[in-house]
1. Local charge sum around His48 (other residues, Cβ-Cβ under 15 Å, Lys/Arg +1, Asp/Glu -1)?
2. Report the local net charge at Arg95: Lys and Arg +1, Asp and Glu -1, summed over other residues whose C-beta lies under 11 Å from its C-beta.
3. Per residue, how much accessible area does the stretch 47-128 show when a 1.4 Å probe rolls over the protein heavy atoms, in square angstrom?
4. Taking a 1.4 Å probe, which of Arg65, Arg99 shows the most accessible area, and what order do the others take after it?
5. Using a 1.4 angstrom probe and counting only protein chains, how large is the accessible area of Glu108 in Å², to 10?
Amino acid sequence: MAGESVGLVALAVVCGGLLAACASAVPQGLRGELPDGPEPGVVRAEPHRYIGREVRWGGKILDVRNEPASTDVEVYAWPLSDSGEPRPEDGQSARFIARFDRFLDPAEYAPDKRLTVRGELVEPVTRPVGEYPYRYPVVEVGVHHLWPEYLPPHEPGWFHDPFYDPWWPWRPWGSYRHWPYGWY
């Protein structure tokens, strides 16, 4: 009886270790909500009121600008899931700059990739968007995560068998996508 309980404990430890190994690669500092973190649009309206506050924002990268001492990443704000992943369901009609204190390769932080940052708000900057002078909130980045390409969830058709798809030969985008966005 004691041998069985030791075996069960060992099995539980091994399973727990495997689950921990499969855990998210999202940095711990990005998980969870900030209780008093303002939205980018609110900060853009009154940026000096929020200087020094910590925020967790994310969205789609629009541009990367490397300066001698830092890198500014222009981001179009998207709402975040509980894990901190930017979701394109509803853009927040606001842009912000994520400022890193080091060089970032524009090939890795390319436009249309998704980025989540957590850091402190500093003085805003004004830069043109087309001919319009746009005032950007600026986040001094402490923790960040670059996300893989977003693929929307699969919406099954009239027949809900996950292994049956009569239209697969004619799909121009291919038959399969990767987890967690569905298979088809």
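The values are calculated or read from the model by the stated rules, or taken from the named source; none is laboratory data. Keep in mind it's a predicted model, so treat the numbers as computed, not measured. Please note: Cβ atoms are built from the backbone with ideal geometry, for glycine as well, and neighbour counts cover all protein chains shown. Just so you know, the surface numbers come from the protein's heavy atoms only, side chains and all, with ligands and any DNA or RNA stripped out. Shrake-Rupley method; radii C 1.70, N 1.55, O 1.52, S 1.80 Å.
1. Spelling it out: positives minus negatives among the neighbours equals +1.
2. Charge balance near Arg95 sits at +2.
3. Ligands and nucleic acids excluded, the figure is 49 Å² per residue.
4. Arg65, Arg99
5. Answer for Glu108: close to 100 Å² accessible.
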